[in-house]
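Colleague: Pasting a structure below so you can have a look.
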Amino acid sequence: MITKKLFLVLSIAIAMLSTGETVSAQQKAESNYTPTIIAGVRKADSWTMDNTKEGIYSLELKEGGALTQLNEGVSKNLAPLGGAVYVDGKMDGINFTAVEDYGGMSYIVRHVQYNMEDWSLNYNKMLSDLDRNFISSCGLAHDPVTGKNYGIFFNFNLDWQVVDRKFGTIDFTNEQPSREVISVMNTPMVAIACDNDGVLYGIGQDGFLYIINKSNGNVSLVGDTGIENLSTQPMSAVVDPKTNKLYWNVVNTAYKAAIYELDKQTGAATKVIDTPDNAVLVNMYIAEPQAADDAPAAVDNLSAVFEGEETTGSVSFTAPTTSYLGDPISGTLNYTISANGEEKATGTVEVGATVEQTISAEVGDNEIVVTVSNQAGMSPEAKVNVYVGPDTPMAPEDVVFEYDYDNKEVSLAWKAPAKGIHDKDLQADQLTYVIHRMEGDVMVAENVQDTNYKYQYSQNELAPVYFTVAATNKGVATGEAAPSNKAVIGNPLAVPYTQRFNSGSSFDLFTVVDANNDSKTWEWGKNYSGDGRAEYFYNRELDADDWLITPPIYLFADAEYELKFDAQTAYVNCLDYLGVAYGRGFDVAAYETLFDKITLNEPQSQTFTKSDIIPSVSGAYYFGFHAYSPYQYGGLLLIDNISITLKDDHNSIADRSADKAVVKVVDGGVAIANATGKTVEIFTADGRLVAQNAGAAYMMRALPRGLYIVRVGADTLRVAVR
């Protein structure tokens, strides 16, 4: 009997000692642990109307803990009032903004998703009025057991008045969320949170803690938190997944904020800290621990170096000297190195020692991940990103497109990129190029080795054309394409030419050159009477440098042409400068000047005329109107009623009315213009057909000396080629 009693006493003593050691270890672990809360901040005392800093913040839950903004310079809308959850590295939430609508109030509702790694926006989808009931009145709670997201959602009528509140779930799997209603919630809640066991807690507006039945929405009372005078400001609750403790950020009617721990058995609240800056926190979140307490901390000084374009490189790091919890550790650790999820090397390292390991990686962006482990478990991951292999070239520069009408030849030239997008030097002899014709995205050539390219190309119908050129490095990495200048090519128009800009489509065949790249340039517009015109509206900070260029117009050598157009500035006290030039090709610097500087300072239309335009070579010509108004005085520059007519041509033999063709003898042949839609035939004096063309606007034909008969439609002419 004595033996049994002694055994019982010893057993109890041993049990007490064991329990004491366990509690002591747990207390030690908890005393070293400080949870970090992630939360959206809607308001704070230090903010002003002109300097709000709404966004996502971190807060160490301890006295002296400070709010640190995580999204500075990224996005402000990271505190959605309609609730948010944090799952798989993404924050999904319902953001809503109040707007006045026909004398009342309505809301714009959006589903926002952010990447938690850098808080960049994945998407921001505007939802329809039918989705107005996605707004949760007390935040959202993610259930770690079922994976569902619970909320208590406003039920609005069509006038945005609250009818009641619905308890249910919301699914953010797709950009268009879906909601499932479970029941009507009659107990007003200010915050909800789900613990590690899937128990859903709600904190009522009455200051009591409740458990919410997830199946039917019924509530059961836990107890009084002891917190009174709750404000109508947003509040939030969260469960720490490490300790399973429930925390609540309270804002009282005096607009003082504090974070409390709630006893899940009694509801009693114990203040942990006063919330810094009396911040209004929403959507509080505490991440799961990245490692076990006694597992190693993450490695330090991680780097990955791949010289030049090599695919073999060196990864180095320093092994930790402390555990995840911060206690000293000793001995040997196991390490693993992976690249894009593929294991590349393993080994052992002494605590605090440095490892330098050679690995190979695939060409492209690589995420290098290093972990170390001991008997307690694996460390958090340490990561570094590195680009491996041949770099992707930057876009070529100064892509210039020219067109030779005489030979129907496209000419392209560009500058080779010197660097890749990862700042690696490129070797010019290792670059090739791929060329596309736009619009239509037609591949013209690939594997082009030079920085210029020519090829035969023609199109009958006038249309704007430009090209893109992209560089490929060593045949494996192709960079972004660079566009050339845009120009209108095709069968040239014939004289007489008139453009009154009656419709927006009349502007389609004009080429606009925004030479100063300020996005202020020529466009089609109309006056109050609805009459069309070409307009240039000035930049308030930069002098104008913008060209408006006509479609190609066929001119004969040695013939005299006349240009007329109307121009004006639209406003009083404004000063606009306009130059006019013409030439072949797209290089306006090579054009011949017709008007060097027209000064426009009155809102009155003026007609300008230039005669004695005598081309030295027959072919397609462009007329360019150059706005170069000073930014201090410029206004709205207008051009209208452009006309080009044949004034005198003593060598031609033809009716020059608008509906007739123009036939001209040129050196060594015949040129015919204004023949659109008509069949052109050239016969020898004895009736032999030597040339034929159907439907083209113009035609040139080299011929031996002699007499010829030219028939254009129903008209017949005799010409002599000397």
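The values are calculated or read from the model by the stated rules, or taken from the named source; none is laboratory data. Model, not experiment: these values are computed from the prediction. Glycine gets a Cβ as well: all are built from the backbone with ideal geometry, and neighbour counts include every protein chain shown.
Colleague: May I ask you to list the residues in region 212-231 that are surrounded by fewer than 16 Cβ atoms within 10 Å (Cβ to Cβ) and aliphatic (A, V, I, L, M)?
Modeller: Result: Leu221, single match.
Colleague: Could you tell me whether region 288-303 includes any residue that is of a type in the set (A, V, I, L, M, F, W, C) and closer than 23 Å to Ile135 by Cβ?
Modeller: Checked against the condition, which is being of a type in the set (A, V, I, L, M, F, W, C) and closer than 23 Å to Ile135 by Cβ, region 288-303 yields no hits at all.
Colleague: Tally time: how many residues in region 509-545 are charged (D, E, K, R) and under 28 Å from the mean Cα position of the chain (by Cα)?
Modeller: 6
Colleague: Would you be able to say whether some residue in region 129-150 is modelled with pLDDT of 85 or more, of a type outside the set (Phe, Trp, Tyr) and more than 25 Å from Val190 (Cα to Cα)?
Modeller: no
Colleague: Restricting attention to region 500-516, does a residue exist that is among the charged types (D, E, K, R) and surrounded by 15 or more Cβ atoms within 10 Å (Cβ to Cβ)?
Modeller: For region 500-516, residues among the charged types (D, E, K, R) and surrounded by 15 or more Cβ atoms within 10 Å (Cβ to Cβ): absent.
Colleague: Condition first: of a type in the set (A, V, I, L, M), touching a Gly at 6+ places or on another chain (Cβ under 7 Å) and closer than 20 Å to Asn407 by Cα. Now tell me which residues in region 572-627 satisfy that.
Modeller: Result: Ala590, single match.
Colleague: I'm trying to understand the selection: among the residues of region 308-338, which are of a type in the set (D, E, K, R) and more than 17 Å from Gln290 (Cβ to Cβ)?
Modeller: Glu309, Glu310
Colleague: Then there is this: Restricting the first residue to region 537-556 and requiring it to be assigned by TED's automatic domain parsing to the domain that holds Asp640, which pairs with a second residue that is of a type in the set (Asp, Glu) meet a Cβ separation below 7 Å and a spacing of at least six or different chains?
Modeller: Asn539/Asp518; Leu542/Asp518; Asp546/Asp514; Phe556/Asp649
Colleague: Can you pull out every residue in region 145-161 that is in contact with a strand residue (DSSP E or B) (Cβ under 7 Å, 6 or more places away or on another chain) and surrounded by 12 or more Cβ atoms within 10 Å (Cβ to Cβ)?
Modeller: Of everything in region 145-161, those that are in contact with a strand residue (DSSP E or B) (Cβ under 7 Å, 6 or more places away or on another chain) and surrounded by 12 or more Cβ atoms within 10 Å (Cβ to Cβ) turn out to be Lys148, Asn149, Tyr150, Gly151, Ile152, Phe153, Phe154, Asn155, Phe156, Trp160.
Colleague: Another one. How many of the residues in region 127-142 are surrounded by fewer than 19 Cβ atoms within 10 Å (Cβ to Cβ) and of a type in the set (D, E, K, R)?
Modeller: 2
Colleague: Let me ask something else. Out of the residues in region 427-482 that are in a strand (DSSP E or B), surrounded by fewer than 16 Cβ atoms within 10 Å (Cβ to Cβ) and in contact with a Leu (Cβ under 9 Å, 6 or more places away or on another chain), which is modelled with the lowest pLDDT?
Modeller: Ala463
Colleague: Please go through region 119-135 and pick out each residue that is touching a residue at least 12 places away in the same chain (Cβ under 8 Å) and either under 16 Å from Glu180 (Cβ atoms) or in the same structural domain as Gln176 (by TED's automatic domain parsing) (or both).
Modeller: Within region 119-135, Asp131, Asn133, Phe134, Ile135 qualify.
Colleague: Sort out for me the strands (runs of 3 or more DSSP E) sitting completely within region 524-635 that have 2 or more residues that are buried (at least 22 other Cβ atoms within 10 Å of the Cβ).
Modeller: 532-537, 546-549, 553-555, 560-569, 576-583, 619-627
Colleague: Please state which of the following conditions Thr270 fails to meet, knowing it meets all the rest: (1) of a type in the set (S, T, N, Q); (2) assigned by TED's automatic domain parsing to the domain that holds Glu60; (3) buried (at least 16 other Cβ atoms within 10 Å of the Cβ); (4) under 21 Å from Pro241 (Cβ atoms).
Modeller: Condition (3) is where Thr270 drops out.
Colleague: Among the residues of region 299-329, how many are assigned to a loop (DSSP other than H, G, I, E, B), at pLDDT 95 or above and surrounded by fewer than 19 Cβ atoms within 10 Å (Cβ to Cβ)?
Modeller: Selection size over region 299-329: 1.
Colleague: Still on this structure, I have one more. Taking region 183-210 only, how many residues are surrounded by 17 or more Cβ atoms within 10 Å (Cβ to Cβ) and either assigned to a strand (DSSP E or B) or in contact with a Cys (Cβ under 9 Å, 6 or more places away or on another chain) (or both)?
Modeller: 14
Colleague: Only one of (1) under 17 Å from Phe306 (Cα atoms); (2) modelled with pLDDT of 95 or more fails for Val351. Which number is that?
Modeller: (1)
Colleague: Run down Val488, Val513, Val495 and say which single residue is modelled with pLDDT of 90 or more, more than 24 Å from Ser629 (Cβ to Cβ) and of a type outside the set (Lys, Arg).
Modeller: Val488
Results for (1) surrounded by 21 or more Cβ atoms within 10 Å (Cβ to Cβ); (2) touching a strand residue (DSSP E or B) at 6+ places or on another chain (Cβ under 6 Å); (3) assigned to a loop (DSSP other than H, G, I, E, B), shown as yes or no for each residue.
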| residue | (1), (2), (3) |
| --- | --- |
| Gln233 | no, yes, yes |
| Val238 | yes, yes, no |
| Asn244 | no, no, yes |
| Trp248 | yes, yes, no |
| Tyr255 | no, no, yes |
| Lys264 | no, yes, yes |
| Asn283 | yes, yes, no |
